[in-house]
Amino acid sequence: MSAAVATPSNNNNNHSTTTTTTTNDTNTHHTTTINNNNNSYAQKRNKFFISGAEFNITDRYEPIERVGMGAYGLVISAIDKQTNQKVAIKKITNVFDNSREYQKRILREVASLKYLSGHENIIELIEIIQPENFESFNDVYIVTNYMDTTLKDLLRQQLTNNTNNNNNKNKNNSQNSQNNSSSNSSNSSSELTIEHMKWFMYQLLQGLNHMHMNGIVHRDIKPSNILVNQDMELRLCDMGLSREYSFKEETEMTTYVSTRFYRAPELLLKYTRSGPAIDVWSVGCIFAEMLNKKVLFPGSHYIQQLELILDVCGTPMNNEEYAQLKGSPEAVRWLKTLKKRPRKNFVQLFPRADADAVDLLEKMLQLDPDHRITIQQALYHPFFAEIHSVNNQDEEEEEEGVSCDDDGDSIMEHNDPVVVVYDDDDDSLQQQQQQEKQQKQHDVMMAMKTTTTKNEAAMMMMMDNVERLFNIPSVREIKVQMFKLVAAA
């Protein structure tokens, strides 16, 4: 099997040396080209063919295997030779042969990842591999940290386990009970527990809260865009449909999001303006899917999708509720032609859920986005009380400035003197501590508000630059500005 050979540059001043190797057992072709010229972007580069796709990347990365298809491109795993860490590389092909809207989505994803970098629940952008030549390049390579799987794969495994368990129940009674027990045990070993769901949901909300506080709505929250590793860590990815959002007013957005099952009803009803509540609805759908081991609203087209939503969430019951809808006049008229349906009992609909889980679901899956819980409110819902209890305990230990010596005895840090206040009235002391806690929460909220205003202004400015960028007629100039924008973000 012959390996691909790198094409030398047309520049007569350039000198290139090419070596070729072929690895048959991995079906991976490997070509190395060393460029010696004055081009600042010229580096030692490797060409690999994985699953029939060519990857022309710098020598910093050693490809391993295909991982799957992400939004807009093929994803492979690789070793970063600088850090010896495993990374993921997504190749987005023929970017500049597609429409300007497609190019804009790629640019939004790159800009959003760059801007949101540093949060533990959002995929980390390591680099955009610089092209060899701005005139001719047409593919974009995005390098991020590697994650083992997606939430979609975990939920699919849940569905498989659920099907196997149902089949076991229908087997002949003469089947060996020990075999049944072994099969059920095997199936349940990989099943998501309530504790798993709680931790995944909390991390998902943390990532979205970071986005919303920075003025960005994801708009494509679905299980395949939620990455998970073996340590149960979760990160959001695929920001191509994200939009900037102003906290002062709702934003005009297109009604398109890629996956119908998780699409908020305000998009289906063609609201002219919408905001972060879109992401809240999607999270609620995913939570419901975790609990019931199946998609909550599996509509095959948008009318059926709305019908399924209304079956669960109910229709408006009077003129006052219809008047609160902000959908298109045609959508509101269509709703009025439907038979009125009451909201279903969520306790019966989600028998695996405890009272707190049901309450959180109820508040997320509200037909009217104005009545929906916010991401920040959801983070402080009682469903996550245990997580907050652990976090608060850790914070208190840090604030007290107490550590342990080698024998395990508590010792005070030298730079943190402790003032002990004695008060005979325990109630007074508790009241004082409560006031201090409330003041601390107020200070944190004010700091977050100030940070949000600054971050929102920066994000709006960057997205304005993205919009202005696509008014440039020259494709070459777009290519150059794309990397300048990423570097400056």
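The values are calculated or read from the model by the stated rules, or taken from the named source; none is laboratory data. From a predicted model like this one, the values you see are computed outputs, not experimental measurements. Cβ coordinates were reconstructed from backbone atoms using ideal geometry, including for glycine residues, and neighbour counts include every protein chain displayed. Please note that ligands, DNA and RNA were not included when accessible areas were found on the heavy atoms of the full protein model with its side chains. Shrake-Rupley method; radii C 1.70, N 1.55, O 1.52, S 1.80 Å.
A few comments on the model shown:
- Spacing of the two label points (7 Å from each Cα toward its C-beta) at residue 93 and residue 352, in nm: 3.8 nm
- Computed extension length for residue 66-residue 322: 87.2 nm, one decimal, from 0.36 nm per residue of separation with the Cα-Cα distance subtracted.
- Exposure of residue 212 as accessible area (Å², to 10), given a probe of 1.4 Å and all protein chains: 10 Å²
- When each of 198/339; 222/336; 198/326; 81/198; 293/336; 198/363 is checked by Cα-Cα distance, pairs over 27 Å: 198/339; 222/336; 198/326; 81/198; 293/336
- Between residue 82 and residue 300, the C-beta separation translates, for a Förster distance of 56 Å, into a calculated FRET efficiency of about 0.75.
- For residue 216, the residues 5 or more places off, or on other chains, whose built amide H falls under 5 Å of its own are 245.
- Extension gain for residue 101 to residue 232 (0.36 nm times residue separation, less C-alpha to C-alpha distance): 43.6 nm.
- Karplus-derived 3J(HN,Hα) values for segment 223-230, using 6.51 cos²θ - 1.76 cosθ + 1.60 with θ = phi - 60°, are x, 6, 9, 10, 9, 9, 10, 5 Hz; glycine and proline are entered as x.
- Within the assembled protein chains, the solvent-accessible surface assigned to residue 347 is about 100 Å², based on a 1.4 Å probe.
- Distance-filtered residues of segment 291-318 - backbone nitrogen under 11 Å, label point 7 angstrom along residue 340 Cα→Cβ: 315-318
- Length released on extending from residue 312 to residue 196, taking residue separation times 0.36 nm less the Cα-Cα span: 39.2 nm
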